[in-house]
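Asker: The structure that follows is given in the form of structure tokens.
Each value in this text was obtained by applying a stated rule to the coordinates, not by laboratory testing. Because the structure is predicted, anything quoted here is derived from the model rather than measured. No Cβ is skipped: glycine too gets one built from the backbone with ideal geometry, and neighbour counts run over all protein chains shown.
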Amino acid sequence: MSTVTLTKDSIDEVIAGEGITLVDWWAEWCGPCKQFGPVFEAASEQHSDVVFGKIDTDAEQELAGAAQISSIPTLMAFRDGILVFSQPGALPAAALEQVITAVKELDMDDVRRQVAAAEAAEEAPPAEA
């Protein structure tokens, strides 16, 4: 499977689905992005069970701002709609493979419990002193 271009109109639908979506935030003028692009594309050919999406930060500035992208390339991994990995910098092929393997091996029931606990902690009123 080759990579798909993601936009503000398509990203929510793509990452919200079941399974794994890897997102490469990039720009045409970015040297490290150009180095990482072929690595990302090659991985997309090896993992047909993973959606590989690319977001051009120049074309999708509003989306990049909403995602707080401050350095490119940035790789994000979503599983079942939950952001489980985010890291700036171009990864070599072996490191990208490690990320994919780690995301595939996640215990999503445990991840959902952690997310729910974090959200509950944010919503709880501050303790009185």
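Asker: Calculate the spin-label point distance for Glu119 paired with Leu83, positioning each point 7 Å from the Cα along the beta-carbon direction, and give it in nanometres.
Answerer: 1.5
Asker: Please give me, ordered by residue number, the GluC sites (Glu not before Pro) of region 36-129 that lie in loop per DSSP and have at most 14 other Cβ atoms within 10 Å.
Answerer: Answer by residue number: Glu105, Glu128.
Asker: How much net charge surrounds Arg112 when only the other residues with a Cβ under 14 Å from the Cβ of Arg112 are counted, with Lys and Arg +1 and Asp and Glu -1?
Answerer: -4
Asker: Among Met108, Met76, what is the fewest-to-most ranking by other Cβ atoms within 10 Å?
Answerer: Ascending Cβ contact count within 10 Å gives the list Met108, Met76.
Asker: Please report, in debye to the nearest 20, how large the charge dipole of the chain is about its Cα centre when each Lys and Arg carries +1 at its beta carbon and each Asp and Glu carries -1 there.
Answerer: 380
Asker: To check my understanding: the extent here is largest minus smallest coordinate of the Cα atoms along each principal axis. What are those three numbers for region 5-129, in Å, largest first?
Answerer: That works out to 53, 31, 27 Å along the principal axes.
Asker: Along Cα→Cβ, 7 Å out, is where each label goes; now give me the distance between the ones at Arg112 and Thr7 in nm to one decimal.
Answerer: Between Arg112 and Thr7, the simple spin-label model gives 3.3 nm.
Asker: Sticking with this one: Give me the distance between the Cα centres of region 37-69 and region 11-30, rounded to whole Å.
Answerer: Cα centroid of region 37-69 versus Cα centroid of region 11-30: 4 Å apart.
Asker: Sticking with this one: Nearest 20 debye, what's the magnitude of the dipole of region 1-51 about its Cα centre given +1 on Lys and Arg Cβ and -1 on Asp and Glu Cβ?
Answerer: 220
Asker: Work through the residues other than Asp80 whose Cβ is under 10 Å from its Cβ and net out their charges, Lys, Arg +1 and Asp, Glu -1.
Answerer: Summing Lys/Arg as +1 and Asp/Glu as -1 gives +1.
Asker: Next question, about the same structure. Just to be sure I understand: of the beta bridges DSSP finds with both ends in region 4-123, what percent are antiparallel, rounded to 5?
Answerer: In region 4-123, DSSP labels about 55 percent of beta bridges as antiparallel.
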